[in-house]
C-alpha cells in the first residue's frame, strides 16, 4: 500500500510540474460544465417540464453523471491511452515485467487530480438542481450521492475497460474508448424523451443512464426508476467486474511489438 | 492552385484513411445528435419552441450539429501542434504559406466529413425523429454554398486560435473555450431563435452563426428568396474579414519564430 501511495505521489508531482497544461485541463472541465448547464437552462426557458422532469431534476442528473465521469478521468485516465501507448505501442511490456498488478500500474501511471475540478463542478450543479427542484439534502441523501458517484465511477470505468480491452482482439487506437465516454451525454436525458431503442440501449448494454437520470430518480421519486435506483452501485460493480474479466482474457492475447 | 488542391486532397484522404475512425466519428456525432434532438423535440410537446414546430425544430437541431461538426475541424490543434513540435520549421519552406495550406487542408477534410458523417447520420436520424428534406431544388444549391462558406469561416477561426500557440506555447485551454463558444453561439447545440434576446444580439455581431445557424435555416427553408442570399452574403463577409485577420496574424506569428538548427 505504501508503495502504491508513493508512486501516486510521484505521478501527481509530475502532473503539476506543467501548471499551464494542468490549468488548461481545469478550464476545459469548467467550460464543459458551463455548456451543459447553459443548454439545460436555454431549453427550460421555453418549457416548464420535459416529459415530467423539471429543470432542477435534469440538472441533478447532469451533475451526478459529470461528477462520475470526472472521477473516472481522475482515477482511470489510463484507459484513454491504454490502446495507443500500451497495447499498440508496446509499453505494456515493461508493465508486465513488474510484480504489481498490470491494470493498477497503468491506471496509477495516469492518475491525475486535474479532472477532480469537474467532480466539484458536477456536485455543485447537483446541489443547485436539488435546490431548484425542492429536494432536501440531509445526511442520508449526501451519503447516497457519495454511493451513486462511486457506483457511477465503477460503471463508467467498467464500460471503458471493456471497450479498451476489446483492443487486444480488434486493434484500435483507443477511439472506441472516447466514443464510449461520449455516451455519457445520454445520462441526463429523461428516458421517456429518448426513442425506445436508445432508452433500452442506455439502460442495458451501455447502462450510462445509471450514472445520471436513474440515481436522480431516487431523489425525485420518478417511477419506475426510483424503485431500482438503489441497485445502481451493484450495476456499477457488475460493469467493473465485467471490464476486469475482459481485460484479463485480453491480456493473454497481448502480443509484444518487441520493446 | 495546384498545391491548394493537393492540400485539400490530403485533408480529405486523412479523413478517409482510418476506417474505424470514420465509423467512430459517425457514431460519435450520432450519439450527440440523438441526445440533442430528443431534448428539443420533447420540449416541443406542448407547442412550437421559439416559433419552430417539431419537424422544423428536429431538422434544424440535426443539421446545425452535423454541419458544425463537419466544418469545425480541429485546425487550432493542428496549428498549435506544429508550433509545439517544431514542424513549423518545415512549413516555412513549403510552396504555400501555412494559412493557405491549413485552409485548403481543412476544406478537403470538411468535404469528406460532410460525406462520411453528416449525410449518413442525417439519413439514420430519419428512423427516430421528424426530420425533413428541403422541398425546393434551389435550396440544395444554397445549402451547398452555405456549407462551403461555413467551412472557410470555421477553418479560419481555428487558424486564428491556433496562432495563439506562438504566444501561449500550448492552445489546449483556448481550444476548449473556442469549442464552447461554437457549441453555444453557433446554433449547434441551442437553436439561435431559442437563445435569450440579449444573447441573440451578441450572436448577431459574432462570426459563429455562420458555422451552423445559417446552413440550418437555409436547409429548413425558414429563410428563402433574397433574404437567403443576404445570409450567404453575411457568411462571405465573415470569410473575408477572417481572411484579413489570419493574414495579419500569420505575419505577426512569423516574426516570433526562432528556428534553432535542423
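Remarks
- The fewest-to-most ranking of A:51, B:198 by surrounding Cβ atoms within 10 Å reads B:198, A:51.
- Among B:96, B:114, A:60, a tally of other beta-carbon atoms within 10 Å of each Cβ gives an order, fewest to most, of B:96, B:114, A:60.
- Difference of contour (0.36 nm per residue) and Cα-Cα distance, residue B:252 to residue B:167: 29.6 nm
- Using the Cβ-Cβ distance between residue A:245 and residue A:146 with R0 set to 30 Å, the FRET efficiency works out to roughly 0.65.
- The alpha carbon radius of gyration of chain B, expressed as a multiple of 2.2 N^0.38 Å, is 1.03.
- Counted residue by residue at 0.36 nm each, then reduced by the alpha carbon distance between them, the extension gain from residue B:236 to residue B:94 reaches 48.3 nm.
- Most mobile listed residue (B:48, B:134, B:226) in chain B, GNM with C-alpha springs under 10 Å: B:226
- With contributions of -39500 (n - 2.57) from each DSSP H run of at least four residues, the per-residue ellipticity at 222 nm computed over chain A stands at -21000 deg cm²/dmol.
- For chain A, the relative contact order is 27 percent, taking Cα pairs closer than 8 Å that sit 6 or more residues apart in sequence and dividing their mean separation by the residue count.
- Rounded to the nearest 0.05, the FRET efficiency derived from the C-beta distance between residue A:234 and residue B:2 at R0 = 60 Å is 0.45.
- Estimated from helices alone, the mean residue ellipticity of chain B at 222 nm is -23500 deg cm²/dmol (sum of -39500 (n - 2.57) over DSSP H runs with n ≥ 4, per residue).
- For peptide B:40-52, the mean count of partner chain Cβ atoms within 10 Å of a residue's Cβ comes to 4.
- Relative contact order %, chain B, counting alpha carbon pairs below 8 Å whose residues are six or more apart: 28
- Once both labels are positioned 7 Å from their Cα atoms along Cα-to-Cβ, the gap between residue B:197 and residue B:222 label points is 1.8 nm.
- Taking label positions 7 Å along the Cα-Cβ direction at both residue B:123 and residue A:171, the computed distance is 3.0 nm, reported to one decimal.
- Between residue B:81 and residue B:19, the FRET efficiency from the beta-carbon distance, with R0 = 25 Å, is close to 0.60.
- Test item: B:190-196 mean partner chain Cβ contacts at 10 Å: 3
- Normalised contact order of the stretch B:76-183, rounded percent, pairs of Cα under 8 Å and 6 or more residues apart: 55
- Neighbour counts of other Cβ atoms within 10 Å put B:113, A:175, B:90, A:68 in the fewest-to-most order B:90, A:175, B:113, A:68.
- Grouping the Cα pair distances of the protein assembly as shown into 10 Å bins from zero gives a pair-distance distribution of 4, 17, 27, 27, 17, 6, 1, 0 percent in increasing distance order.
The numbers here are math on the coordinates, done by the rules we state, and not lab data. Nothing here was measured: the structure is a model prediction, and the numbers come from that model. Glycine gets a Cβ as well: all are built from the backbone with ideal geometry, and neighbour counts include every protein chain shown.
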